[in-house]
Amino acid sequence: MSQDPDRIFARPLAQVPDFAFNEDVVRVFPDMIKRSVPGYPTIVENIGVLAAHFAQPGTVLYDLGSSLGAVTQALRRHVRTDGCRVVAVDNSSAMVERCRQYLNAQDSMHQELLPVEVREGDILALEFQPACVVALNFTLQFIEPDRRLELLHAIRQTLVPGGALILSEKLRFEDNQEHGLLTDLHIAFKRANGYSELEIAQKRSAIENVMKPDSLEQHRERLLAAGFSKVVVWFQCLNFASLVALP
Ligand code: GEK
């Protein structure tokens, strides 16, 4: 499978359209997310490690907003618990189609992996089965802000005792100086990964209407309001963090 370099915003665009998870993005997605999200490979691999800790026999592990299934693959590398299965859900048909190809490739190279089902659909409309692990890896920030609590509530309801939600997000900061510094450092990270000033500026304008980050305080409050009992930050790099929320 091709792993094309991300050049989507390399040329000046007369009008920058809103960012969409279409075929052009799917083609470059592994390169794009690695060069844009500090800590992404570490987060993905360790979601597998964390999931193995929380896994409970006979339950489901969900990868919500699965894109190309990087988290699903990590779950299948690390979790060996009896009777578990993985359900990956994304509402981009281009992502789902390519994700299935990646998972077929994983199946052809490894034995005894957890069974997996990739569904095309809206995670807001999902009928959940009892789950031990739900991963929202950089997905909640793309959900309409006024639907986020409802989704977290549904996840809380579906988690079995001993399970966990793993939530990774880009953060905004309530302190202006902290927000400004971490934003500048994130731009430096992207520059160091080969993105030009034009690419950085055009990507920012494409994404600002579709991706709405919250602060850590908002996440904590909302998770507690959804019925979670404990929220722990297990990873942060610049303005990107991953949390574990316990039922
Ligand atoms: C990874 N988790 O590589 N229902 C289903 N999918 C959705 C919805 C929705 N309502 N809204 C957005 N998506 C992945 C990365 S990317 C994050 C996740 C990023 C999907 C959308 O189609 C996209 O594939 C994914 O959520 C967000 O670990 O690109 O920054």
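Here, each number is a calculation from the coordinates, and none is a lab measurement. Everything quoted here is computed from the prediction, not taken from an experiment. Cβ placement follows ideal geometry from the backbone for every residue including glycine, while neighbour counts extend to all protein chains displayed.
For the range 113-247, give the magnitude of the charge dipole about the Cα centre (Cβ charges: +1 Lys/Arg, -1 Asp/Glu; no others), in debye to the nearest 20.
Values: 14 positive and 18 negative charges, 50 e Å.
In total the dipole reaches around 240 debye.
Summing charges over neighbours of residue 105, with a neighbour being any other residue whose Cβ is under 13 Å away from its Cβ, gives +2 when K and R count +1 and D and E count -1. The range 77-211 gives an Rg/Rh value of 1.02, both radii derived from C-alpha positions and Rh following Kirkwood.
Helical content of the chain, expressed as a calculated mean residue ellipticity at 222 nm, amounts to -13500 deg cm²/dmol (DSSP H runs of 4 or more residues, -39,500 (n - 2.57) each, divided by residue number, nearest 500).
Across all directions, the shadow cast by the convex hull of the chain built on its C-alpha atoms averages 12.8 square nanometres. Around the Cα centre of the range 7-95, unit charges on the Cβ atoms of Lys, Arg, Asp and Glu (plus for the first two, minus for the last two) sum to a dipole of about 260 debye.
Ordering 238, 14, 109 by the projection of their Cα atoms onto the charge dipole of the chain, which places +1 on the Cβ of Lys and Arg and -1 on the Cβ of Asp and Glu, puts 109 at the extreme positive end.
Could you work out the mean projected area of the convex hull around the alpha carbons of the range 1-121, in square nanometres to one decimal? It would help to have the intermediate numbers written out before the result.
On the way: hull surface 32.2 nm².
The directionally averaged projection comes out at 8.0 nm².
Rounded, prolate or oblate for the range 28-71? Axes are the square roots of the Cα gyration tensor eigenvalues, ordered a ≥ b ≥ c, and the cut-off for rounded is a/c under 1.5. Display every interim value, and only then the final one.
Numbers: a/c = 4.18, a/b = 1.91, b/c = 2.19.
Oblate.
Give the residue list of chymotrypsin sites (Phe, Trp or Tyr not before Pro) in the range 173-224 that are DSSP loop and have at most 12 other beta-carbon atoms within 10 angstrom. Those that pass, being in a loop and sparsely packed, number zero. Ordering 5, 84, 59 by Cα displacement along the dipole of the range 1-120 toward the positive end leaves 5 in first place; charges were set at the Cβ atoms of Lys, Arg (+1) and Asp, Glu (-1). Of all aspartates and glutamates in the structure, the ones whose alpha carbon falls short of 16 Å from that of residue 212, not counting any fewer than 8 places away in one chain, are 18, 144, 146, 169, 174.
So, with +1 on the Cβ of K and R and -1 on the Cβ of D and E, and no other charges, what is the size of the charge dipole of the chain about its Cα centre, to the nearest 20 debye? Present the calculation step by step, with values, prior to reporting the outcome.
Values: 25 positive and 31 negative charges, 82 e Å.
Computed charge dipole of the chain: roughly 400 debye.
Report the Rg/Rh value for the range 60-133, based on alpha-carbon coordinates and the Kirkwood definition of Rh.
Numbers: Rg = 11.6 Å, Rh = 12.3 Å.
Result for the range 60-133 is an Rg/Rh of 0.94.
Note on the chain: dipole from Cβ charges, positive end direction compared against 198, 99, 38; the farthest Cα belongs to 38.
Of all DSSP bridge pairs formed entirely within the chain, close to 40 percent run antiparallel.
Per-peptide packing, taken as the mean over residues of other Cβ atoms within 10 Å, places 207-214, 69-76 in the sequence 69-76, 207-214 from highest down.
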